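Each value in this text was obtained by applying a stated rule to the coordinates, not by laboratory testing. No experiment lies behind these values; they were computed from the predicted model shown. No Cβ is skipped: glycine too gets one built from the backbone with ideal geometry, and neighbour counts run over all protein chains shown.
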Amino acid sequence: MKDCERDGFIRVTDTSNRPCAASPACLINATEKLYESFDRHGIETTEAARAASGDRERRRAPPTNFSDAATTAIFSFFGAYERKWRETCELVVRQKGLTPAHFNDAMDHLVTYQYWAIVMLLWWASPFGSDKVASPALVIDEINSRMWDALRLGHLAIKERVDNLIRWGFLSEQTIKRHKAVALTQIAGSAISESLAEATPLLHDLDAKLLSQPAEMIGARSA
């Protein structure tokens, strides 16, 4: 809450609408900056979802407004995708025979964006994600380089996450020209590919819902 307030996204007030310190009795108010930022992000997400739907022949003008119905559709899609990703993680991690405590710790981490991004980078670079790859493995330095823009994590943080993914059954360690490298395991690659295939109809459904939603004035929603 303090971070959001400092960045200008929320106002913390008492029941008289006067600024106050955060407490169980305080009120959290969205600012105009939050509405504008959310609408802009929603429009960008809508365009990304449309581009990912795979229909390149149907060209559409970008939306100028973002509706509550579109928000609901996008949240529903990502909620469904998150559940599929969690099921995939459970399938992969359970085959490692971890203790319940270590299993829960793995699941807590795997559902975060950082681990998902690294795993999907390895999936895309593997024969599971492309039939044009020369090698199914990536050296750690390449992972560091390609993940910097997305995660802003240093090499030690990336190494820690890669080591965890090896421990949890997602990656296997290899060597490429005397450099440490990792590749997606067979069980992880197959599970991810199956999950993505199951999510494709959900993506097309989201695309159809976004196309059918009339534009809603941002000012009306903000009010």
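Compared with the dominant principal axis of the Cα atoms in the chain, helix 155-167 is inclined by about 70°. The fewest-to-most ranking of R18, R146 by surrounding Cβ atoms within 10 Å reads R18, R146. Taking Cα atoms only, the orientation of helix 32-52 departs from the longest principal axis of the chain by about 40 degrees. Here the range 156-211 was treated as a single set of alpha-carbon atoms; its pair distances binned every 5 Å from 0 give 4, 17, 16, 16, 13, 10, 10, 8, 4, 1, 0 percent. Dipole orientation for the chain: of the candidates S193, A22, S145, S145 has the Cα lying most toward the positive pole (charges on Cβ; Lys, Arg +1; Asp, Glu -1). Modelled label positions at D108 and E87, each set 7 Å beyond Cα in the direction of Cβ, lie 2.6 nm from each other.
Cα-based radius of gyration for the range 78-199, normalised by 2.2 N^0.38 Å, reads 1.01.
Each principal axis of the Cα atoms in the chain has its own extent, and those three values, largest first, are 64, 49, 32 angstrom. Fewest-first ordering of W85, W116 by other beta carbons within 10 Å of each residue's beta carbon gives W116, W85.
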